[in-house]
Structures are given as structure tokens and as C-alpha cells.
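The values are calculated or read from the model by the stated rules, or taken from the named source; none is laboratory data. Quantities reported herein were computed from a predicted structural model and do not represent experimental measurements. Virtual Cβ from ideal backbone geometry, glycine too; neighbours counted across all protein chains shown. All accessible areas refer to the heavy atoms of the entire protein, side chains included, with ligands and DNA or RNA removed. Shrake-Rupley method; radii C 1.70, N 1.55, O 1.52, S 1.80 Å.
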Amino acid sequence: MAQERRVHRGQIQQVAAETTVSKSRLTELLEQIADVTIIDDYLEKAWRNSSSTVELAFHNPRSDFVFIIPDSEWDTVFESIDIEEDEATAAKQWHSTRARKLLETSGSSHEFGENHSYLVVPIQDIEVWQRSRIVLSWWFQELAEDGLTPPEVLDYWMTGEMGNAPKEWASQRDVHPEAVRKNVRQAKEKLNK
């Protein structure tokens, strides 16, 4: 069974009415863009790559993530699909319209610099996303029941399970790397009892 996309039709109609791109062509382009924009890649750039200018502006686990990306990221996206200049402009306009609507509805706002714009990345499989969150919460609960403190759970997860270097993770937490290493050591001691 094909996965249904979560592309907001009303905003497709709105953008198609404002541009020379037909509603069906815009829908096709947005689906192609969704196929080449992998959520993991953008989360990696937003959260773990300190040299990246990609920023996570909004996420709603039921539907979409909104990123602020440099125009060079758009160039990379457009290189992977067959798209004309007016179609690229319409696609970017849809992403901007959708992002602003999501931010407005959530009561959020976001500023971004020149040569940046919004990219909306839909969650492709909501059920898998929700199940993974439940499983992770159960795992965290088990770790807490084994006596791990919240910092120990977090540091153990982010370094031992997710593969972050203690120094890198410590800088994201704004703590000394030895504090992370100590939490991981203590977590392992508690788990090996």
C-alpha cells in the first residue's frame, strides 16, 4: 500500500492560483521534493552539525517538521528532480506558505537571514514515528526504574546508544565532557548490578 503524503491541498490550490504552475504539477513536484528530503538528514544538520546553517523552526509529531535552510540546500533538492525555474519558485512558495501557517497556528514565529527560506518535511509514516516514541519512553522508564538519574539516562542514551562522542554531546548540553563520561559510567554500573 502506498504511503499517503501529507501535503496540504488548500495551500497547493492557493499557490497554484498565484503562479503559472498547475495544481497537479505542483502536487507532483511537492511529492518529489518529499521523496528527496529525508527528515534524518535535516535533523542531523540542525542538531549535530555545528557548521550547518539549517535550523529546526517547528515540529509537530502528527504532521510536519519546519526547517529554515539556506538557498544552497534548495539547489541540492532541485538538482535531484526535474524542475523548471517557475516551478521551483512555486514549490518554495508552497513551503513558505505551509510553514507560516504551521507557525501561526502554533503561536510560534521565526526570523531567518537573507538567502534562507522554509522547508517543510512531512513525517512519512506517522504510526512508526508514534510507536518509536512509545518504545523510547518505555526504555527511558525502565532505565529510571533501574535507578538512573535523568542526566544519566540522557547521557547514556545520547553517547552509548546514539553514538555521540562525549565531548560533542557535552558541548551541546553546555557541560564539561567529564560530567557526561561520569554519568555514563554511573549508568553502566547501575545497569550491570
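Observations on the structure shown:
- Heavy-atom accessible area ranking, 1.4 Å probe, most first, across W138, W94, W157, W169: W138, W157, W169, W94
- Packing rank of 10-21, 105-116, where each peptide gets the mean count of other beta carbons within 10 Å, highest leading: 10-21, 105-116
- Comparing I134, G10, S72 along the charge dipole axis of the chain, the residue lying farthest to the positive side is I134, per the Cβ-charge model.
- Full-stretch length increase - A144, R100 - with 0.36 nm per residue and alpha-carbon distance subtracted: 12.0 nm
- Considering only beta bridges that DSSP places wholly inside the chain, some 100 percent are antiparallel.
- Calculated from backbone phi, Karplus (6.51, -1.76, 1.60) coupling profile of segment 36-45 in Hz, x at Gly/Pro: 9, 9, 8, 3, 4, 4, 6, 5, 4, 5
- Kirkwood Rh in Å, taken over segment 128-193 so that all alpha-carbon pairs contribute: 12.2
- Taking the helices alone, the chain has a mean residue ellipticity at 222 nm of -18500 deg cm²/dmol, built from -39,500 (n - 2.57) per DSSP H run of at least 4 residues and averaged over all its residues.
- Taking a ≥ b ≥ c as the square roots of the Cα gyration tensor eigenvalues, segment 68-128 comes out oblate, since a/c reaches at least 1.5 and a/b does not exceed b/c.
- Ordering L103, S51, G147 by Cα displacement along the dipole of the chain toward the positive end leaves G147 in first place; charges were set at the Cβ atoms of Lys, Arg (+1) and Asp, Glu (-1).
- Maximal additional length on extending the S63-L191 stretch stands at 42.5 nm, based on 0.36 nm per residue less the C-alpha distance.
- Using every pair of separate Cα atoms, the Kirkwood estimate puts the hydrodynamic radius of segment 51-90 at 11.8 angstrom.
- P(r) histogram, all alpha-carbon pairs of the chain included - 5 Å bins from 0, percent: 1, 7, 13, 15, 16, 14, 11, 8, 7, 5, 2, 1, 0, 0
- Relative contact order (%) - criterion: Cα under 8 Å, at least six apart; region: segment 114-193: 25
- D40-H176 FRET efficiency (beta carbon distance; Förster radius 25 Å; 0.05 resolution): 0.30
- Under 5 Å between amide hydrogens, built in the peptide plane, is the criterion, and for D64 it picks out I123 among residues at least 5 positions away or on other chains.
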